[in-house]
Each structure stands twice: as structure tokens, then as C-alpha cells.
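Shown next, in C-alpha cells, is the structure this report addresses.
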Amino acid sequence: MESSDTIKGRFPTLLSDVVSTNRNETIILLSDKTKLKTIVSEIKNHFDILFMLMVVDRPPKVFEMNYIFTSYSKNDILTLRVDIEHDDPSVDSISNLLGSADWEEREAYDMFGIDFKGHKDLRRVLLPEDWPGRPLRKDFEVTDEVRNWTGLDLKF
Amino acid sequence: MIYDFFYDFLAAHFSPLLSTIGSWLIVFIIGGLITLNVPIFLGWVDRKLSGRIQARYGPVYTGPFGLLQNVADVIKLMGKRFLTNQVIDPLIYNIVPIAIALLGFFMVFIIPWGNANLVLLYVPFNLLFIYIALAVSPLLVLLAGWGENNKYAMLGGFRGAAQITTYELSLLIVFISVALLSGSYDITTIAAAQSSVWYVLYLPITLVVFGISSLAVIERGPFDIPEATQELQAGWKIEYSGIRYGLFFIAEYVRLLVISMLIVYLFFGGGNGLFLPNYLWFWIKTSIVTIFMMSLRWVFNRPRIDQLINIGFNWLLPLAVVNLLIVGAVMFF
Amino acid sequence: MTEEIGANDFSYPGLGEMIFMKSENFIQSVMNWGRSRSLWPLTFGTKCCAMEMIPFGATKIDADRTGTLFVGDSPRQADLVLCSGTISKKMARRLLNAYEQMASPKYVIAVGACNISGGLFHDSYNSIEGIDRIMPVDVYIPGCPPRPEMFMDAVLVLQKLIKENKIKRYQDGIFGHNKG
Amino acid sequence: MENKNRNKITINIGPVHPSTHGVLKFVVEIDQDTIKKVEPEIGFVHRGVEKMAEMKYFNSFMPIADKLDYISALNWEVLYATTVENALGITVPPRAIYIRTLMCEMQRMMSHLLFLAHMGEDLGNTTLFMWGFRERELLMDLTEEVSGGRLAPMYVSIGGLYYDLPEGFSERLLSTLNIIESKVKNEYKALSYENGLFKMRMVGVGVISKEQIVKYGITGPNIRASGVKRDIRKDDPYLAYDKVDFDVMTETAGDCYARFMVRVNEILESIKIIRQIIKDIPSGEVKVKVPWIFKIPPKYTFVRQETPRGEAAMYMVTNGDQKPYRLKIRAPSFYTIQAVKELFVGSKVADLVAILGSLDPVPGEIDR
């Protein structure tokens, strides 16, 4: 995993290693969320695409953002993990660096209410715009009220 | 001529005025019945044929061999409630299906049914009249697309107008070349002129041009672009429901039949043939041609509208014109 | 008391009334025959069940045998909603819209567990637990997803219901759709 | 010239449209017949699968994994089962691995046959559509014979498979493969990929460039049609793919026709794989005993596999509970469908249908 070593070598203070149990995967932990764009633009030199963006809700403290990068030519997988505060869920958008982050960030906004600063079209992507609640947060309960609602009063 | 037959029959018993009215009435009823029954029967043939091509059965349960299937469709369409959006242009909206069905009726009325005598009403230059009945449809398509006040319908209407206008030019030139060769605009005369050699031997390319152009003009087969289900849902027919929608089937199948009959008349010698009687030959040929024209729809995919217009203007029209010039030169010298 | 006036009088149907009643019955049964034999579906397929709805129209089962012609056209020309697949809350309004755009008489077949009760996704936050919450349903097809043969069965059942004039919405009137 | 927008029409294509392959919506701005701007809209079958995973036991989620991509259900079953097995740290018996490979390839063939059929339907050729389903039914019957289900087989269990293959299955499968091979090579050729009208609609339409692939993260047959030789089955082998011999099919043009041909070739390649697997399938058990309800220690598990639509992946976070703490699903179509913003622009309305069909999206997995 030379590429991930290179990335870590460039930002020794910001990045730290986490042991991964998955094949080909390297996990690096970013301590400062404001430096995300810098790191990602460095990662972009080694990896092609944002493979997926997983947000894990860990109340009451943090949202754990996992950016998984892969490329078309090699099997390496790089997971960049950055924690953001639960009270102030906002992080820089990387959608102008990597196009595949566009809808992924919209989905994270849709499901968790995370504000991606600098995203040019931050709307809900899966649910309607006036849908109440952020369903994938741990405090969202699928109550009878939610289930019985038919959605006929939604705007288009 | 069936009109004359009935007139003579009635004039022997009644006054001329009464027999004129009476024979008109009879002829209208016969024509109407034919117009209504052609789509019912041909629609059944179409569905069965598509089923056979696609390894299915087609209608089976409604009536013997599913023959009553389209009767059921007509009854259902008649029993549907009228429903459309609120912002249609009512006059245009309602006039288009009726006009299209009437054009079909008109063609049934003047085309000879296999024999010079088996025509409901004889009109001279009936080839030109049929051309007019075919060629007026872009106007109706455009009107329908406008009157329905639906974006899909309007796109379909524009497509239809462009496509039909393109192809009716080459259709007209084909008619002219055939008329030049035979020296007549009368369908039965043209057919009779082929008693020794069928025109398909003289004008094979014209036949191809005619086949493609006619399919494009009647929006049938692979060229149903104005009503492309997969792109525009139903194109310019999108807002029509109930019996208004049913009337379009009359136009579709009557025009298909007329086109097939014209191919037989103009290129395959009409009823000319050995051993068998004339009308039998004619109907054998027409059945084969109709089934061939129908099956084209099920084996080809539809081209794009700009590709179709390109083909029309860049290939078919020049081909037709060159053919016309050759025919003219041969006839002149 | 007013409706009891004349209750004890001798009354019988007049000739005109009898002809009218007979012809009404006759026309009604012919209409119902035509309607039952020509159910053009609006293929409202959203999910897995839609993938089984297509084989229902394709070679092996062949919906066209019963006159169920997949015209695939707009709702205006359809008679039957084959609502197959989970209806989410975003989709419910659209389903109702499509239903409202159809001309009466119109029938609904709810396909699959999701459309009957919510099925596998009954505890999801974004699915409708059965489409009979938002529109009338005539025939239900169980299964997750149902086999294509069951679509055929449902169409045959619906044909029987229409033929015997058992669809409550359309029982009145000479053309049978005064309420639609 | 002051009224520049006078020719522009905005039309909504979808969500209920014959050729959107389910419920997708495109807000399309057209000038005459040319598309100027596209805004795709998704989420019409969003069922909250990721939330439901957090609410269910590991085993109970399997039928939902089935219905993510209902056209290639077995691939997703295998993907989910592999994720949980990796998290549990159990190994599956070799026979089960071989049978999983076989079923995955059968599912891939079914998916690609459906693609060919739908391509015909989108271009207005109903016969290709019907014929595609005729051949798909043969494989459907075999799937039903193995698992009892047609579309959602529920055949793969955590720890292996629910049942072994039935008696005489391989002979029936081989004869079916011969039928499909001859149909694809002869009948489909005449109707589609050697047909002039078909080529006229497909060649040169909707070209995906390498920049677009990287920009949107497209994977699967769509990029192999653009000349990117990338296939997880070959590059990062899972199941029994390292023990069989097959080629990664690529085309160079990147247009609709290339995408069609990649799928046609992949069907033939899958036939090759299945024939090899049937030959050297080992005997033995097909299942390791795993209790119905179990706990997985805190762990991050990442698995990616190649489904017929591209690279699918699952990232599962567990916290020692009986249910996953978070399950993130990567659906390849979710990324592919973003590319239509660029692909549709400049083409005709009729091409929209062809391009969308050739991308082969499945709303079920896009919306999850």
C-alpha cells in the first residue's frame, strides 16, 4: 500500500493509522475535519473515485464519516475516516473534486442532515423535499404514526 | 360499380329521385360496415401474427380462435366514460378522430375491391383521390397534437407532420411514375395494363420506395415514430380515450389494407393471374402483401425521426425522381 | 309515512317498462362482456413484481390470450391498474394521479405482498402499507413476488367479477358507471 | 432574438413511463427535438433498506437483500452473506462456493438477457423483447428448481446454501446453455446486433468517455464498453472465480452498441464459466451450521463484488449486538444514473430511451 503510505507521509500530524481487517483496505483517521479537502485532493492523485461514503451515527458525540476510495487500475481500498460533531454536523463538500461524491453527499444530507459546505446543489435526493425527519439517525423511530402516513399530502 | 347496380335495380321499381337516395343509402351502409369490420378483422390478424412471430398465441379465449377479441375491444371502448384534461381545444380535439375515420371511409368508398365492378362508387382518377386521402393526414396529426394541449402530444404531432410530409412526396412521385407507364390515373386501368408483364419487373426500386414511404405515411410498422410507445407513450393520441381512441384503429387498419391493395394493383398486376378467377387472385396477393407489411412491424426496431427524414429526403426521394425520369424518357422515345 | 302510500295497491310493470328493463339488462350484460374481455392494463410497475408482470405479458404466459393487451400507452386508454411493487410515500400521490387520469370504468389489481399489507417492508418508514389505503382495489394477488401465472389467475377472476356485475362501484345505471 | 427560450419545452419523463426501467424521472428541457438539460430524479421506490437492516437480525435481512436489485437477486444474496460471514469469520465449504459461483453466473445471464430484451423494447422491437424473455424463462425454471423461487430465490444462507443442487440439474443446465448459446449467436444476431436499423440507432449514440467514468464512478459493463478493463471477478477474485478461466470482455467505442455487445459477450462468457464449474464442482457439504440469531463483535466489514450492473459493495458496522449497527450499501446504478446529466445532453428525445436502456439501471438498487 505505497500510495496510502505516501499520503500519510505527507500529513504526519493530521493522519493516523487504524488497523483494518478487510482485504486490501487501509484505514486512515483524519483528526481535523477542516483539512478534509486538502487530504482528498492529495488522495485524488493516487485513487480514481469515491467508491462510497458511509456515515455512521454515533450519538451523542459524533457522526463518523467514512470516505472509501478505490481506483480502476489497482485493488487498494483507502478509507478516510473523519469524525464530525453531532451538534454541528457540517463538513466541507468534496463534490467539486470527485463527481461521484455529488449524490452521495446529497444522500447523507437527506438521511442524516449533514451540511456539506460548498455543495452547489444540496437537496434531498431520495426523499421528497418536505419529508419530515432524518430517517437514518439513531434517534429516528419508525413509529405507527410514520408508518400510517400515506404521503398524499406531500408536495411534488 | 355497386352504386350503379343498386340504382338500376331500384330504378326499375321506383322514381329516379327515390332510387338515387336509396342507392346512396345502401352504398353508405355497405361502406360503413366494411370500414368498421376491416379494423376488427385485420386487428385480429395483426395480434395473431405478432403472437406467432413472438412465440405466443395471441387472443384465444374470446370467440373461436379469438375472432371476437376486437369486437370486445370495440364494445369496451364504446362503454368508456369520456375523460380528458380541462384545457383541450374541444372543436379540434373532437374533429380529428372523426375526420381520420371519415378519410378511411372515403378510401373504402372509392377503391375497387378486386374488380373494376366491385367499387362502391366509381370516380375517375381514383388513384389521386386516394393519394389525397393519405396525404391530408399530417394536418390532422398536427391539429390533434395542438388540440390535446399536452407536451407529449405536441411532440408527437410535430414528428408526425414532419414524417408524413417527407414521405408523401416520394409517394406522389411513385404514383406519377406508375401512371406515366400505364397512361392512366385509374386504378383498374393500371392493373389491366399489366396483363402481360407486372410493373414490379419494370419498377422494382419504385416498389421498395413505395413500400417504405407508404408505411411511413400511415405511421405503421417500424415507422410509428409519432406515437412511439417507448418514447412518447402514445404520441399525438395520448389524450384520447374511449371510442375516440378506437376510431384511430379504423384509420390504421383501413389505410394498411388500402396500401396493400395499391401495391397489388400498381405492381403485381391486380387480379391478373393464371387459371384462377380474377378476384381470387387479387385477394390471394393482397393477403400475402398485407401480412408481409404487418410483419415488418414486428421484426424491425424504429429509427429515429431525424434518421427517417434523412432517408426520405436523401435516398428515397432522389431514387423516386430518377425512376420517374427514366420512365418518362422510355415512354417518350 | 309518505313512502307507504300505495304500498298495498296492485302494481305490475308496464310493457314499455318491461322492454326497457329487458334491454337494459341485455345492454348491461353485453357491455360487461366487452369490458371483461378487453382489460388493457396500465403497467404501474415499480419493483420486483413488475419483473414478474413482464413475463405475464411475454411468451410463456401470454396475457394477450385473454385480451389483456399491453398497449403500454397513456392512462387514458387503460382500464386496469396492475399496481405491482412497493408504493413509497413519494410515489403514492403519483399512483393516485395515474388512477384519476383513467377513464371509468377502471379496475385495480394490487400485486404482491407490499401492495396488500406492506409485506416485507411493512415496518419501513417510507412504504405504504397496502394501496387500499389510497384507492379501491378489486383483486389482490398474494406473493413476494407472485408468479406470472397468478397474474393470469387474477385477470380471470376480475373478468368473472365484471361479467357477473359484482364490482360494486359500477353496478348502477344503464352503462354501469354512474358512480365512477 | 430577445426571446431565446421561446422554443424550449420542459417535459417530465417518468416516473411512470414504459421505458424508464421502473420508476425514474427525468426533467428534460428540449429545444425542438434536442435535449438541452436533464435533471434526473430518484427515490420513488426508496424503502429505507439501510434503516431496516439496523432493525433486523442478520439472517432476517436476507430477503430484503434479495429485493435490492430484483434482476440479479442472487448476486446480492451472495454479497450480503459474504459480508456477514467475513464479519463472523467463518469459511464456507468449497462446494457451496462453487454452487454460489454457478448461481451468480446464471443470474448474470438472466440479467443480461433481460437487458437485451429491454433494449429491443426500448427501440420498438417487441419481438426481441419477447424472445429475450423466452430464453430467460428457461433459466428462471432452473432457478426455481434449485431454490423454489423465481425472482427472489432465497437460496444463499449465511454459512453456505439452504439446499444442495437437485438430481440431474447439471445435465438440464447444460442443455439449456446450449439452447441459449445458439439463440444468442444466431437469432439475436439477425434481430439485433447485425441488423442495420438496430445499428443505426445504437452506433455512436451516448458515448461515455473515460473522464466521465472517473467523474461519476461508473463501474461494470458500462465501463468495459469504454475500454476500461476492470472486473472484480478477475482483478480481485472472490468465490471460485480464480479457479475458472474466462476473459474480461471489453469494447472500445463506449457507445450504446458497445455496451450492448459487452453484455452479449458476457452472456457467452458466463456460459463458458458455468460449463467449467459443472465439470469440476467438488462434492461435500453445502452449509456450515450457523445459529439463526447470533452476535458479531464490534467490527468494520467491507466486501465488494461484481454484480451484472457493476461493483456492488456492502460496508457493515457491528457493535457486538444481534443486529448490524450500520449497513451501507453501494449500488452501482446509483452512480451510473448520475452520468445521464451529461450523456443525454445534445441527443434526441428518442436517444434518451436508447441511452438509458443501454446503461441498464435498476431503480430498486438506486433507491434502496
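The values are calculated or read from the model by the stated rules, or taken from the named source; none is laboratory data. These numbers were taken from a predicted model, which means no experiment stands behind them. Here the Cβ positions follow ideal geometry from the backbone for every residue, glycine too, while neighbour counts run over all protein chains shown.
Being within 14 Å of chain C (Cβ to nearest Cβ) and either among the hydrophobic types (A, V, I, L, M, F, W, C) or free of Cβ contacts under 8 Å to residues at least 40 places away in the same chain (or both) is the filter here; which residues of the stretch B:88-123 pass it? The answer is B:Ile88, and nothing else.
Among the residues making up the stretch B:183-195, those that are surrounded by fewer than 19 Cβ atoms within 10 Å (Cβ to Cβ) and outside any loop (DSSP other than H, G, I, E, B) are B:Thr189, B:Ala192. Candidates C:Lys60, C:Lys106: the one that is in contact (Cβ under 8 Å) with a residue 12 or more places away in the chain, more than 14 Å from chain A (Cβ to nearest Cβ) and surrounded by fewer than 24 Cβ atoms within 10 Å (Cβ to Cβ) is C:Lys60.
Each row is one residue, and each column tells you yes or no for (1) touching a helix residue (DSSP H, G or I) at 6+ places or on another chain (Cβ under 6 Å); (2) outside any strand (DSSP E or B).
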position: C:Thr68; (1), (2): yes, yes
position: C:Cys83; (1), (2): yes, no
position: C:Lys90; (1), (2): no, yes
position: C:Ala110; (1), (2): yes, no
position: C:Pro136; (1), (2): no, yes
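Among residues of the stretch D:108-123 that are closer than 12 Å to D:Phe260 by Cα and crowded, with 24+ Cβ neighbours inside 10 Å, those with a Cβ under 8 angstrom from a residue that is modelled with pLDDT of 85 or more and among the acidic types (Asp, Glu), sequence gap 6+ or separate chain, pair up as D:His112/D:Glu266; D:Leu113/D:Glu135; D:Phe115/D:Asp360. Annotation: D:Arg47 fulfils all but one of (1) basic (Lys, Arg); (2) in contact with a helix residue (DSSP H, G or I) (Cβ under 8 Å, 6 or more places away or on another chain); (3) surrounded by fewer than 21 Cβ atoms within 10 Å (Cβ to Cβ); the unmet one is (3). Scanning the stretch D:334-368 for residues that are over 25 Å from D:Asp236 (Cβ atoms) and part of a loop (DSSP other than H, G, I, E, B) returns D:Phe344, D:Val345, D:Gly346, D:Ser347. The one condition from (1) surrounded by 15 or more Cβ atoms within 10 Å (Cβ to Cβ); (2) away from chain D (no Cβ under 12 Å); (3) not charged (D, E, K, R) that A:Thr79 does not meet is (2).
The number of residues in the stretch C:81-103 that are away from chain A (no Cβ under 12 Å), touching a Leu at 6+ places or on another chain (Cβ under 7 Å) and surrounded by fewer than 24 Cβ atoms within 10 Å (Cβ to Cβ) comes to 2. Of the residues in the stretch A:108-125, none is more than 14 Å from chain C (Cβ to nearest Cβ), closer than 25 Å to D:Asp231 by Cβ and within 16 Å of the chain's Cα centre (by Cα). Selection of the stretch D:31-48 for residues being within 10 Å of chain A (Cβ to nearest Cβ) and in contact with a Leu (Cβ under 7 Å, 6 or more places away or on another chain) yields D:Pro40, D:Ile42, D:Gly43, D:His46. Listed by position, the strands (runs of 3 or more DSSP E) contained in the stretch D:1-108 that have at least 2 residues being within 30 Å of D:Ile278 (Cβ to Cβ), outside the structural domain of D:Thr143 (by TED's automatic domain parsing) and acidic (Asp, Glu) form an empty set. Scanning the stretch D:296-333 for residues that are of a type in the set (S, T, N, Q), touching a residue at least 24 places away in the same chain (Cβ under 8 Å), within 10 Å of chain A (Cβ to nearest Cβ) and outside any strand (DSSP E or B) gives no hits. Restricting the stretch B:45-69 to residues that are in contact (Cβ under 8 Å) with a residue 60 or more places away in the chain and assigned to a helix (DSSP H, G or I), the residue that is farthest from the other protein chains (Cβ to nearest Cβ) is B:Val45. On inspection, D:Phe129 fails the criterion of being of a type in the set (A, V, I, L, M, F, W, C), within 14 Å of chain B (Cβ to nearest Cβ), in contact with a Pro (Cβ under 9 Å, 6 or more places away or on another chain) and in contact (Cβ under 8 Å) with a residue 12 or more places away in the chain. Residue-level analysis places D:Met130 among those that are in the same structural domain as D:Val84 (by TED's automatic domain parsing) and either assigned to a strand (DSSP E or B) or under 16 Å from C:Phe56 (Cβ atoms) (or both). D:Arg259 falls short on exactly one of the conditions (1) within 14 Å of chain A (Cβ to nearest Cβ); (2) touching a residue at least 60 places away in the same chain (Cβ under 8 Å); (3) outside any loop (DSSP other than H, G, I, E, B); (4) not polar (S, T, N, Q), and that condition is (1).
When B:Gln233 is tested against (1) on the phi < 0 side of the Ramachandran plot; (2) in contact with a Phe, Trp or Tyr (Cβ under 7 Å, 6 or more places away or on another chain); (3) within 14 Å of another protein chain (Cβ to nearest Cβ), just one condition goes unmet, and that condition is (1). When C:Ser74, C:Ser117 are checked against the criterion of being of a type in the set (Ser, Thr, Tyr), within 12 Å of chain A (Cβ to nearest Cβ) and out of contact with any His (no Cβ under 8 Å at 6 or more places or on another chain), a single residue qualifies: C:Ser117.
Picking from residues in the stretch C:154-175 that are farther than 16 Å from C:Ser38 by Cβ and loosely packed, with under 14 Cβ neighbours inside 10 Å, the one that is modelled with the highest pLDDT is C:Glu164. Of the helices (runs of 4 or more DSSP H) lying entirely inside the stretch B:196-290, those carrying at least 1 residues that are under 23 Å from D:Pro18 (Cβ atoms) are B:204-217, B:229-232, B:243-267.
Of the numbered criteria (1) within 18 Å of the chain's Cα centre (by Cα); (2) surrounded by fewer than 19 Cβ atoms within 10 Å (Cβ to Cβ); (3) outside any helix (DSSP H, G or I), the one B:Pro124 fails is (1). The set of residues in the stretch C:31-49 that are among the aliphatic types (A, V, I, L, M) and facing another protein chain (nearest Cβ under 7 Å) contains only C:Met31. Quick check on D:Val28: is it more than 14 Å from chain A (Cβ to nearest Cβ) and farther than 28 Å from D:Ile355 by Cα? Against the criterion (more than 14 Å from chain A (Cβ to nearest Cβ) and farther than 28 Å from D:Ile355 by Cα), D:Val28 does not qualify. Starting from residues that are within 11 Å of another protein chain (Cβ to nearest Cβ) and free of Cβ contacts under 8 Å to residues at least 24 places away in the same chain, keep the ones in the stretch D:140-156 and report whichever is surrounded by the most Cβ atoms within 10 Å (Cβ to Cβ). Only one residue fits best here, namely D:Arg150.
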